[in-house]
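Just so you know, all these numbers are worked out from the coordinates, no wet-lab data involved. This one's a predicted model, so the numbers in the text were calculated from it and none came from an experiment. Don't worry about glycine lacking a Cβ; one is built from the backbone with ideal geometry, like all the others, and counts go over all protein chains shown.
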Number of protein chains: 2
Amino acid sequence: MLSKLIERIEQKTAVIGIVGLGYVGLPLVLRFNEVGYRVVGFDIDEAKVDALKGGRSYIEHIPAARLAAATETGFEPTTDFSRADEVDVLILCVPTPLDKHREPDLSFVVDTFDSLAPYLRQGQMLSLESTTFPGTTDEILLPKVQTRGLSVGDDFFLVYSPEREDPGNPNFTTRTIPKICGGVTENCLEAGMALYSKAVDTVVPLSSTRAAELTKLLENIHRAVNIGLVNEMKIVADKMGIDIYEVIRAAATKPFGFVPYYPGPGLGGHCIPIDPFYLTWKAREFGVNSRFIELAGEVNSTMPDFVIGKVVSALNQRYMSVNGSSILVLGIAYKKNVDDMRESPSVAIMEKLRDLGALVAYSDPHIPAFPKLRGHCFDLSSVELTKASLSSYDCVLLATDHDRFDYDLIKHNSKIIVDSRGKFLGAAEHIIKA
Amino acid sequence: MLSKLIERIEQKTAVIGIVGLGYVGLPLVLRFNEVGYRVVGFDIDEAKVDALKGGRSYIEHIPAARLAAATETGFEPTTDFSRADEVDVLILCVPTPLDKHREPDLSFVVDTFDSLAPYLRQGQMLSLESTTFPGTTDEILLPKVQTRGLSVGDDFFLVYSPEREDPGNPNFTTRTIPKICGGVTENCLEAGMALYSKAVDTVVPLSSTRAAELTKLLENIHRAVNIGLVNEMKIVADKMGIDIYEVIRAAATKPFGFVPYYPGPGLGGHCIPIDPFYLTWKAREFGVNSRFIELAGEVNSTMPDFVIGKVVSALNQRYMSVNGSSILVLGIAYKKNVDDMRESPSVAIMEKLRDLGALVAYSDPHIPAFPKLRGHCFDLSSVELTKASLSSYDCVLLATDHDRFDYDLIKHNSKIIVDSRGKFLGAAEHIIKA
């Protein structure tokens, strides 16, 4: 079975099924299409499948033309999960969020698997790419596959190979980002290596799916903790009257032993604020605490309040209250140069300012209208930045430092700028570092 | 006054006084000597001064020949602080340890300054290189200089420019490591930039001495926290039966957003375990906490116990107690490839093992005999590693992974290896990862 699957992969007669056509799945679809595989793309969202069938893109950095080219050369998007039996490989790229109690919500993984389960067959491989806690593949997926009468390692192959997408990063593509892979058995690993080697330049084998699961978490924990650290340092430096951005940039001139991370108005995106808590949750099962993760979560989640404190004090110095003031938030995407608003701290900041009575507006060149988000509601369009528009607000708050902003224009036409990104260098009376 | 001092620096007629002839001061002596300055080296330790006069080195990576060459070309070591009035520039490179209550001990800085104070004169510059809390230069040195009737910025120049030495790092030298510099006034900064530009390729000006002080602390806080994080991850992974070293190496294949730090048996050296608490102490004055620093300190200081727990359990599995077992500790320097034992966790581990009744020996190619350390006493010489010697110990504990060790020899001739550095790859029954 293994050699047959590998042969189909090598000869590119294998059909690749990718489940979940979002920020992770779609680039993978395009990459497997590019190297010559027939790809079936599964998603429960009919709107997405219709868009793809019509050659339309719903992700800013994926051009519609590439999607159209893919659908013309064998990429078939579908909502019909029964077609899973057509494919040789199933790659799961579904979200793994947290629930309301900040605990892992594996329902997308489990529900997706359960929808596919009736159509699994001998000779297939299944790869999970979603970020998750160590043990997910072994403890949750493996028994489910076995229940189907399949013998993992013999007639079915199960691997964990986490995505490492970095939307908006121009220096790396799906092909050039090394990919790690762990298998439930040696045969599983061999199948996984054979598959991903066709699409990715460097595939790094690990000794187990657990090691691969922890690797992905560690990558994001590292970021969350380092950002937490500089956010705490920002608070300390602020009290001491020192510009933390100057300090970090100076420390970054050290050619070894230091890597700069920059503070901000809080953590955003689908990975860094969420993934670390998958380990926290699992660690408790073993009676150990992940205190760095907890501390980073705590510090990072206070940052919107720190920024709002700076807005309040800047207005107060001019004998104004937030209540009744007009405030323009610059950048509502969670990081610069993308159109992704998932977990964006800008939204939390806008809501808090509105609750305090501010008249809130925003400008974001990547997001023309405030989208409908679960639990968040603003009926707003992006304000065009001009001398007139900027000078009409009592306060301008830089939340996300997109390259497309005209910082000179902002600097010279805003009454007050609260800068939560260290973008404005040097001292100026109307610029408050936050 | 400023232009006169800068002229003397430019023409290399300025005499450079370096105070404190240890790991930081001595390389600086050699560098200023190398570029053509007359250098007077001050130290209170007569043994050091005698060694230097005799052309002998007391630091492994500084060859005696270089010292001899320096003394032949104008370097004068002395214990006579009254000669401070001969020099144009005074650079303070003295230790800044912690006291018993883990609070900053500035006595070396203060005592050194007080010894020099009677000989300070107009036209001089003083630079502090010791790592310390933000405000040290402004709040402690500046008033002391002013008490001498000198006007800082006009007829005397005061800067803070922290050392960034990395003993044993073959890739960087004093010349090639960029140096940051902050001045009490604009003139002070100008003098500091003029001085260091003669010796160092890149000098980075900062807006204040406080910013420069915090920069140096941030560099070491970053390391302490990142090492704390991976040490905590080691504890978590150990409970889950996952090899953290495999995980970190795999995460390091990600080409962006992740930087590997490796766990160990605890923090050592004169910087990383100590410096961060300088900020903790100062932050309290402002009513803020540096919780990442506290947490890192807490986790890192438990690591020797973690390692000892692994020794206990490895021996226990063989029906042996630590009490009465012979244990060979490999590596007692605080990091690999150096002979520096300051704050080395190996010493704490050896003491704890001895307290438990073990017969403790050590091997370290860089340290032939256990030196006399304050509060620590072992009458031991380094054991030569041979088949016979290795196999004679009940347990071998790798504490510091010097490159000079023959790891194959160790692997094949030790009864039990407790590896606290992730040096031995793969699984083997007699190798315990700690």
With the charge dipole of the protein assembly as shown built from beta-carbon charges (+1 for Lys and Arg, -1 for Asp and Glu) about the Cα centre, the Cα from A:Tyr319, A:Leu28, A:Phe156 projecting farthest to the positive end belongs to A:Leu28
So what is the diffusion coefficient of the protein assembly as shown in µm² per second by Stokes-Einstein at 20 °C and 1.002 mPa s, using a Kirkwood Rh over Cα pairs? 71 µm²/s
Relative contact order (percent, whole number), region A:2-113, Cα cutoff 8 Å, 6+ residue spacing: 30 percent
Mean other chain Cβ within 10 Å across B:196-208 is 2
Give the nm distances, rounded to one decimal, from B:Tyr58 to the matching residue in every other copy, measuring between label points 7 Å along Cα toward the beta carbon; shortest first. 7.2
Summarise the partner chain shielding of B:279-288 as one whole number: the mean count of Cβ atoms from other chains within 10 Å of each residue's Cβ. 3
Provide the net charge surrounding A:Gly17, with neighbours chosen by a C-beta distance below 11 Å and charges set as Lys +1, Arg +1, Asp -1, Glu -1. -2
Taking just the C-alpha trace of region A:294-434, give me its Rg and Dmax in Å. 14.1, 44
Copy-to-copy label separations for B:Val110, where each label sits 7 Å from Cα toward Cβ, in nm and ascending: 6.2
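If contacts are Cα pairs under 8 angstrom and at least 6 residues apart, what is the relative contact order of chain B in percent? Present the calculation step by step, with values, prior to reporting the outcome.
Working: 828 pairs, mean separation 47.3, N = 434.
Across chain B, relative contact order equals 11 percent.
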Where the label is 7 Å out from Cα toward Cβ, how close does A:Leu409 come to the same position in every other copy, in nm, shortest first? 7.0
Only four residue types carry charge here, +1 at the Cβ of Lys and Arg and -1 at the Cβ of Asp and Glu. Report the dipole size of region A:154-275 about the Cα centre in Debye, rounded to the nearest 20. 420 debye
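Distances longer than 19 Å among the Cα atoms of region A:248-328: what percent of all pairs is that? Before the final figure, lay out each step's value.
Numbers: 1958 of 3240 pairs.
Pairs farther apart than 19 Å: 60 percent.
Kirkwood hydrodynamic radius of chain B from all distinct Cα pairs, in Å?
Working: mean 1/r = 0.0427 Å⁻¹.
Final number for the Kirkwood radius of chain B is 23.4 Å.
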Among A:Ile59, A:Ala69, A:Val49, whose Cα projects farthest towards the positive end of the dipole of region A:2-207, with charges put on the beta-carbon of Lys, Arg (+1) and Asp, Glu (-1)? A:Ala69
So, in Å, what gap is there between the alpha-carbon centers of region B:38-96 and region A:261-282? 50 Å
Quick check on chain B: helices-only [θ] at 222 nm, where DSSP H runs of length 4 and up contribute -39,500 (n - 2.57) each and the sum goes over total residues. Nearest 500, please. -11500 deg cm²/dmol
So for region A:301-379, averaging the separation of alpha carbon pairs under 8 Å that are six or more residues apart and normalising by length, what relative contact order in percent results? 32 percent
Top positive-direction residue, dipole computed over region B:371-434 with Cβ charges, set B:His430, B:His376, B:Asn413: B:His376
On average, how many beta carbons from a partner chain sit within 10 Å of the beta carbon of a residue in A:177-190? 1
Around B:Val312, under 11 Å between beta carbons, what's the net of Lys plus Arg minus Asp minus Glu among the other residues? +1
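Rounded to the nearest 20 Debye, what is the dipole magnitude of region A:2-207 about its Cα centre when Lys and Arg each give +1 and Asp and Glu each give -1 at the C-beta?
Details: 19 positive and 30 negative charges, 84 e Å.
In debye, rounded to 20, region A:2-207 gives about 400.
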Mind listing the long-range amide H neighbours of B:Tyr362? Cut-off is under 5 Å, sequence gap 5 or more, other chains count too, H placed in the peptide plane at 1.01 Å from N. B:Val329, B:Val383
Could you quickly flag the chain B residue whose beta carbon comes closest to the rotation axis taking B to A, and that distance in whole angstrom? B:Val259, 2
Over what distance in Å are the Cα centres of region B:179-225 and region A:328-392 separated? 39 Å
Under a point-charge model restricted to the Cβ atoms of Lys and Arg (+1) and Asp and Glu (-1), what is the dipole moment magnitude of chain B relative to its Cα centre, in debye to the nearest 20? 920 debye
Distance violations [Cα-Cα > 25 Å] among A:Lys433/B:Lys282; A:Lys282/B:Lys216; A:Lys4/A:Lys53; B:Lys234/B:Lys423; A:Lys216/B:Lys423; A:Lys216/B:Lys234: A:Lys282/B:Lys216; A:Lys4/A:Lys53
Largest first and to the nearest Å, give the Cα extent of region B:177-307 along each principal axis. 59, 37, 24
Count the net charge of all other residues whose Cβ sits under 15 Å from the Cβ of A:Asp394, scoring Lys and Arg as +1 and Asp and Glu as -1. +4
